[in-house]
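Undergrad: To start, I am sharing the structure in question, which I have written as structure tokens.
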Amino acid sequence: RYTLAESRRQFDEDINKGRPFPFQFDRRHGVKLLATYDVSPPVNVTATWRYAAGAFYSLSLENFLLADPSILSDGSPQTVPLVENKKGFNLPANHRLDVNAQFLFRDKETRRFQHTLNFGVYNLYGRHNPIFYDLRTNFFSRGSDLIKDQQFVQVFFGGIQPTLSYQLTFTGKR
């Protein structure tokens with residue numbers, strides 16, 4: 001299955017200076033391939049490969065300290081991110097391969113219950129798909145100077161993850 005989609009938002013001057021920007025769930029391209037194979041009547045193997053264009057993301061390049069007690073609820077200073085373009089950054093495309101083996105057992109005597117056991121692997125080839133980027137700031141000294149070093153750090157969810165599930169279904173048949 002292939003999907004091509006675009007979703008944009010535009011508001012008054014208060015948000016993104018009135019310019020249109022991609023919506024949170026805007027994904028230009030998406031591909032999903034599914035293959036199933038019945039090894040034997042009670043055993044089924046499934047593989048799913050997914051590809052999605054990278055999500056759009058708002059990234060703060062700078063922060064400023066808001067210390068005006070007249071506009072703060074509790075009077076304490078707060079750090080506020082400065083975002084130049086709303087959803088102005090695009091994460092890299094993400095993809096993964098998931099595999100699953102399903103074992104189906106029936107209660108042979110009464111045939112009233114069906115047991116399903118699933119073993120799987122999420123993200124089989126361990127792709128590090130970024131969820132977002134963070135701007136990390138480190139300070140170090142060089143002689144008598146304090147140097148500010150900022151780096152984009154990719155934050156991703158997990159790697160290879162095994163899955164296991166069990167399901168008991170009452171069929172009602174005798």
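Undergrad: Any idea how many residues of the stretch 26-47 are under 17 Å from the mean Cα position of the chain (by Cα) and assigned to a strand (DSSP E or B)? Full working, then the answer.
TA: Let us first name the residues in the stretch 26-47 that are under 17 Å from the mean Cα position of the chain (by Cα), namely 26-32.
From what's left, assigned to a strand (DSSP E or B): 29-32.
Residues flagged as under 17 Å from the mean Cα position of the chain (by Cα) and assigned to a strand (DSSP E or B) within the stretch 26-47 amount to 4.
Undergrad: Which of the residues that make up the stretch 8-25 are under 18 Å from the mean Cα position of the chain (by Cα) and either open to solvent by 80 Å² or more (accessible area, probe 1.4 Å) or of a type in the set (S, T, N, Q) (or both)?
TA: Residues satisfying the conditions are GLN24, PHE25.
Undergrad: Write out, first by first residue and then by second, each pair whose Cβ atoms fall under 7 Å of each other, whose residues are 6+ apart or on separate chains, and whose first residue, in the stretch 102-117, is in a loop (DSSP other than H, G, I, E, B) while the second is surrounded by 13 or more Cβ atoms within 10 Å (Cβ to Cβ).
TA: Between residues of the stretch 102-117 that are in a loop (DSSP other than H, G, I, E, B) and residues that are surrounded by 13 or more Cβ atoms within 10 Å (Cβ to Cβ), the close pairs are ASP107/PHE113.
Undergrad: Filter the stretch 118-136 down to the residues that are closer than 28 Å to LEU168 by Cβ and not in a loop (DSSP other than H, G, I, E, B), then identify the one that is nearest to the chain's Cα centre (by Cα).
TA: The residue in question is TYR122.
Undergrad: Follow-up question, since we're still on this one. Residue by residue through the stretch 151-174, note down the ones that are outside any strand (DSSP E or B) and modelled with pLDDT under 85.
TA: PHE157, GLY158, THR171, GLY172, LYS173, ARG174
Undergrad: Moving on to the next point. If you go through the stretch 106-137, how many residues are under 18 Å from TYR166 (Cα atoms) and either modelled with pLDDT of 90 or more or open to solvent by less than 60 Å² (accessible area, probe 1.4 Å) (or both)?
TA: Residues meeting the conditions: 10.
The values are calculated or read from the model by the stated rules, or taken from the named source; none is laboratory data. Bear in mind the structure is a predicted one, so any value in this text is a computation, not a measurement. With ideal geometry, Cβ positions are generated from the backbone for all residues, glycine too; neighbour counts draw on all protein chains shown. Accessible surface is based on the protein model in full, side chains and every heavy atom, while ligands, DNA and RNA are left aside. Shrake-Rupley method; radii C 1.70, N 1.55, O 1.52, S 1.80 Å.
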